[in-house]
Every structure is written in structure tokens, then in C-alpha cells.
Amino acid sequence: AGEMARRLAEVLAQGGQDSQPRPVGDTRSPTLDSRYLSRFNIRTFHSLCYLMLKRHWRLLFDRPFSLVVDRVPGETRSGLPGTQTKAGLLKRAVDGCLSDRAFRVDFKRYLWEYLLETDEADRLGGPDDPRPAGLETAAGIRVRSYAEREIANWLHGLGIEFLYDRPVCWGGRQLRPDFYLPAQDLYLEVWEFGDPGSRSLRRAKLNQYHVHGKRLVEVEREELLDFASFLQKMAKLFPGIFPGGGVSDSEPEDLDRLESPEAGYPEALKSFISLAEEVLDKVKNHSVNLQGLSARAAREKDRRTRSFYRLFLQVCTGYQELLQAEGALDFNDLVLQAAELLRRNPGLRESCRRHWRHVLVDEYQDVNTPQVELLKELVGPESSLTCVGDDWQSIYGFRGSDVSHIRNFSAEFPGTSTVNLRLNYRSGESIVGLSSHVIRKCKNYTEKQLVALNRDLQGIVLYRAGYLYGDGVGYVAGKVRSLVEEGLYRPRDILILYRRSSSYRLLGEALHGLGLKVRSETIHGAKGLEAPCVFLWGLVGGRGGFPGVWRDRGILRLVLPQDLGRRMDEERRVFYVALTRARERLFLITEQRNPSEFLKDAPPQYFEGLDRPPENVLSGAAQPECPRCGGTMMSRWRFCPFCYHGLEACCTDIDLRAGRP
């Protein structure tokens, strides 16, 4: 919104949209009375909705509302005040659900499986157990699993001495019991798994206890998920040792202290809350029906996915109840409730339509369904609506945007007309050509024939490394250094893009070691940026490569079932956005034996092979004038961008009779 205001101020300072652009190199700041600019309402969707709801909350709520933000309390990135975070409110919703015994058991199992999926590989335990003894207990020892930690904390709370995982030798055979209670001469074995392969070994182990007359308590992992029932069992089996089940007031159950270091759940809990927050955003941004989601979850084959949604749907209900009880809204609710405000109050809706007769929406390819529904309320028969966007650059599907809205614009807003902007003022011919080739590999896209203003300084460079994190790192670091040392580019003129932050670490360390402070961004983070020279790093295949649709979790896919083709289309659009950040030079870094499939069939004419050297972008040499309009020209331009002189020779299918392409 701030950038839009700056650009509008610049245009108005020049005398309006019909005036000629200032000559290249004119860096004078525009002057404009701020009071005049303030007559325009330049806002994000959320900021506009916040304003409307703040002014008219009495028409919808019984009290003023507070705002739940996505991050830390205080000022959000959009400038809206906030009092608490969404993650914090979701945690409170979890706490509220823990009084439900069934939820408690399911939630504990879900948290435990977070560790099982990543660290625990052994099916029985014993002297060859490869799992790290990595969970800290209240007694100060480390154990292998949540189940074992539950037992250790319970015994410690009762003040019962125990030995953990100590070897014993009976009849020449060594065993390692999970727990031994010396004062009671009692052994405890925690059985984590029940697959057929482990049962035979389990019987052999139990036989050793029986043959040698040892007292043994067998504890199934599943029993500990319902800790209250486990205590009742202990009270019945060993009333002398565990009277009343051995309930300790000083040591509450782990779920009663979820975020404490002793409970050991911080990472597992953080993972659940983060995933719940992501799913909640998708549900609201796409207006997903929760009953339908519940039905899909019930049919899901993956047990962990089913488990997540049983928990999430209950937490989601608790979250919404907390919002209502506290008179709070989250960011997604701002748009949903603002649209509801206008639907319920026709008088206010008509007043808004009269006040905002002209509505312009930028980056329309990134809108979601609730935002489009709000627009339909704001725009009436007498309104003027202009939406600017590019379906080729729709890359925020994971945040809720839906590319179908820009493609179906005429159907959603009947009577509209479409103007295609075909001239690319940023990049050279090769970059425009390759990026257009890439986007046409999508299953669904809107056809556009783009024309580049700029000639190529050089073709695109495709570097095929033997090993991305070996000679690939060396090539990029060396090339960046040479471009800077030769005076071709300043460090701030170079932008390094990558699909995922994790793939950039080693390259970033190498550049830092050379003292090069080069701009680097994820591709999504670079949306809207540009640079004279761009390196696109990590164009490899496989897991963690590019495209990266394979890493989607089943939990997320269940919210919005999409076929692979649709997700692959968005990945191609991400690639397109990355390519088109470059103004002059573009370097693509891949591996010889593992190239990204996006490089398949790339036309060779777009790649380096031109004889002329790169133009020094820092040169202040005088530039020629356009023979038709006299505008200042750059030597790399193929035609005049002011009067379009020379454009006919570049593209014969462009009609200039209307005065513009």
C-alpha cells in the first residue's frame, strides 16, 4: 500500500496519467501536497476491513472488538494494532479441550508420534537400540521415549528410587530392563510396539523374568495415554507399593504442563500449533466447509492425518468460541466479517458504494475467495472497478489465493472488458522468451504474446555443476566476485534467489567468507523485486528440489483436494516469477545428473552464445534521442517506450492505431 501511494504521488506530481514520463536518469523526487493525496484511500484489504469494522462495529457486534495477530503482539506488518497472537489463542483452545478424556488420549498419542516419526527406529528396545536416550526427565536422567519418561517422572514424583536401562545377567544371558525398583525388587517393562516381529522377541524376554522368578510390571505404551486409568491399574495390582495408584500432588501429568521444559513437548506442541494455524488459514481463506472437511478426514487412509483432524476440528471450535467470548477477530475474520457487515446492512453498503465510486485492486492474481466476495459487496451497478494482475504470477496458493478468480474475472463481474499489457519493460529478449516458454508448459494458463523492450546484453547462463554444494557453490561465489571486481555490478545490483532457505545455507556461508554482502531471497519473498543481475540457485530435481510439490503433507492436501497438475502449475509460475526478476543478466545453477524438470526442452537460442560483451551498467555515457518524439533513449532498448517508434519492426501483430500497443 505504501508503494502504491508513492507511485501515485509520482504520477500526480508529473501532471497526471497523460503526461510524458520523465527522462531516464531524472531522479528528482516528486512534489505533491500530502493533503491532496490523502483524498485517496490506499489500503490493503485487511486495513480497509479493519477501518470499516472499527467505525460500524455496533451494526454487527455487541461490543468493540480486539485483533488477534499472526505474530507478536503490538503493531503488525500491515500497521494494524494487535493484542494477542493466533498461536497463543490456539494453545488456549488446546488447553480447554484437555478436559475431554477422549481428546486428551488422542492429543497425547499425536504428540508422542511426533518423536516416533523422527527419532525412534527400534521395534523393541534392548542392548542394540539405536534410538538416542534423548528425553530429559524430572529425575535428571535421559530416556528414549515419551512413554518411558512418563514412568520415570511418575516414580520420581512418588520418591521411589529406580534404575533405568541397567544391564542384568541371568543364567548367562544379559538383559536391560527399562526400570528396576530396588526397594521393591520390581521390574517394569514399557512395551512400545506390537507388530508380529517384536512379539516373538517379547515372549523370549518375558520368559527370562518367569524362569528366574522376577516380579514384573508390563506397561503398554497405549495404557500411558490415559494416565488416570494407568494409575487405577497400578493401585489394584500393587496396593502396597502404589496406594491409590501412587497419585502424586507434586508431579502433575505431562499434559497438565504442556509448555514446561520438564514435559518435553515444546517442539511437538509447536509443530501441532503451527500446522493447525496453517490449516485454519486455508479453511477461512477458501471458505472451506468444516462438515465436508470432517467427512473427508474420516475417509482418510493415513491414521496420523485422521488423528490430526479429530483434534483440529475440536480445537478450531474452541478457538472460535474464544474469539466470540473475548470479542476478538483474527486477520481472516476481518475480511469475512466486513463482507457480512455490508450484506446485513444495505444502507451502509450503498453509502460505501457512493463514497468509493472507483475501486482499483492491484495484484489481483493473489486474491482469495472472501476478498472477492467483499468486492462484490463494495462494487455496485454504478461503480467503476479496475483490477490489475497477471495469472502467470499467481504463486500464493499456499496462503489462500486462488488463480481462478483472475481467470474467471469476466464471469464474476459481468460486463467488464480486458486489456492485455504485452510490453515487458524490465527484461531482455532471452529472459522474456524463456519465461514465456516455461509458462506455456502449464496445463492451464491464459495465452499472452509478450514483447521485450530491451535487447539482450548477453544470453542466459546455464551452469551445470557436478555437485551443487561443491563446484556449484564455488562457481556462484567466484562469478559474483568477478562481476563486482570488474565493475560490472555493485553488490546491491545482484540478487540470488532460491526455492527454499535450507538450500542456500552453504552458498551464503561462502559469499560471507568472501566479504560479499549480496541480496538473497526466497522466490516468494522476492515477489515485486527486480535486479540487474539475478542468480537462480538450486534448480535440481528430487526431494527438496524445484519443483517442490512432493513435500506437501497429506494433512494440508486434505483441506483443498487438488490434483498434482494444479500444484505443478503453481510451481511453474514460481519459476516464471524467479526468471522475470532479472533485468539484464540471468544465471541458472543446476546439477548435471539431477537437473530440474523445468529445464527440460529449454530452447537453446535463449542461452549464452552472443558475441558482444556485457554493457557496463554503471556507465553514465550519453544516450541517443528518439527520432519521432525526442525522448531520451537507452542503447539497449529495441523501440521507444514513449511513442513506440520501432515497435512495429519488433512485433508485426501489434496494432498502434489506437496510440498504444
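Cβ-Cβ distances below 7 Å connect the following pairs, each with a first residue in the range 188-206 that is of a type outside the set (Val, Ile, Thr), a second residue that is modelled with pLDDT under 80 and open to solvent by 50 Å² or more (accessible area, probe 1.4 Å), and a separation of six or more residues or different chains: Phe193/Arg123; Asp195/Arg123; Gly197/Arg123; Ser198/Arg123. Applying the criterion of being in contact with a Phe, Trp or Tyr (Cβ under 6 Å, 6 or more places away or on another chain) and assigned to a loop (DSSP other than H, G, I, E, B) to the residues of the range 132-173, the residue that is surrounded by the most Cβ atoms within 10 Å (Cβ to Cβ) is Phe162.
For the range 445-462, indicate whether the set of residues that are within 28 Å of the chain's Cα centre (by Cα) and not aliphatic (A, V, I, L, M) is non-empty.
Step one: of the range 445-462, the residues within 28 Å of the chain's Cα centre (by Cα) are 445-446.
Cutting the leftovers down to not aliphatic (A, V, I, L, M) gives us 445-446.
Within the range 445-462 (the criterion being within 28 Å of the chain's Cα centre (by Cα) and not aliphatic (A, V, I, L, M)), the answer is yes, since at least one residue qualifies.
Filter the range 625-636 down to the residues that are open to solvent by less than 30 Å² (accessible area, probe 1.4 Å) and either aliphatic (A, V, I, L, M) or assigned to a strand (DSSP E or B) (or both) and list them by number. Answer for the range 625-636, where residues must be open to solvent by less than 30 Å² (accessible area, probe 1.4 Å) and either aliphatic (A, V, I, L, M) or assigned to a strand (DSSP E or B) (or both): just Met633. Confirm whether Ile141 is without any contact (Cβ under 8 Å) to a residue 40 or more places away in the chain and either of a type outside the set (D, E, K, R) or out of contact with any His (no Cβ under 9 Å at 6 or more places or on another chain) (or both). So Ile141 fits the description; yes. Going by the conditions given, is Asp493 buried (at least 17 other Cβ atoms within 10 Å of the Cβ) and touching a Gly at 6+ places or on another chain (Cβ under 8 Å)? The answer is no for Asp493.
Restricting the range 393-426 to residues that are in contact with an Asp or Glu (Cβ under 8 Å, 6 or more places away or on another chain) and not in a helix (DSSP H, G or I) leaves a set whose member that is most open to solvent (accessible area, probe 1.4 Å) is Arg426.
Give the residues of the range 484-504 that are without any contact (Cβ under 8 Å) to a residue 60 or more places away in the chain and more than 26 Å from the chain's Cα centre (by Cα), sorted by residue number.
Initial filter on the range 484-504 (without any contact (Cβ under 8 Å) to a residue 60 or more places away in the chain): 484-486, 491-492, 494, 496, 498, 500-504.
The answer is Val484, Glu485, Glu486, Pro491, Arg492.
The helices (runs of 4 or more DSSP H) found wholly in the range 33-112 and carrying at least 2 residues that are at pLDDT 90 or above occupy 45-56, 86-97.
One line per residue, one yes/no per condition, for (1) in a helix (DSSP H, G or I); (2) hydrophobic (A, V, I, L, M, F, W, C); (3) modelled with pLDDT of 85 or more:
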{"residue": "Leu255", "(1), (2), (3)": "yes, yes, no"}
{"residue": "Ala263", "(1), (2), (3)": "no, yes, no"}
{"residue": "Leu275", "(1), (2), (3)": "yes, yes, yes"}
{"residue": "Val288", "(1), (2), (3)": "no, yes, yes"}
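Within the range 289-341, the residues that satisfy the criterion of being open to solvent by 20 Å² or more (accessible area, probe 1.4 Å), in contact (Cβ under 8 Å) with a residue 24 or more places away in the chain, touching a helix residue (DSSP H, G or I) at 6+ places or on another chain (Cβ under 7 Å) and not polar (S, T, N, Q) are Leu290, Glu300, Asp302, Arg304, Arg310, Leu322, Phe331, Leu336.
The values are calculated or read from the model by the stated rules, or taken from the named source; none is laboratory data. This one's a predicted model, so the numbers in the text were calculated from it and none came from an experiment. Heads up, the Cβs are rebuilt from the backbone with ideal geometry, glycines too, and the neighbour counts pull from every protein chain shown. For accessibility, only protein heavy atoms count, side chains too; no ligands or nucleic acids. Shrake-Rupley method; radii C 1.70, N 1.55, O 1.52, S 1.80 Å.
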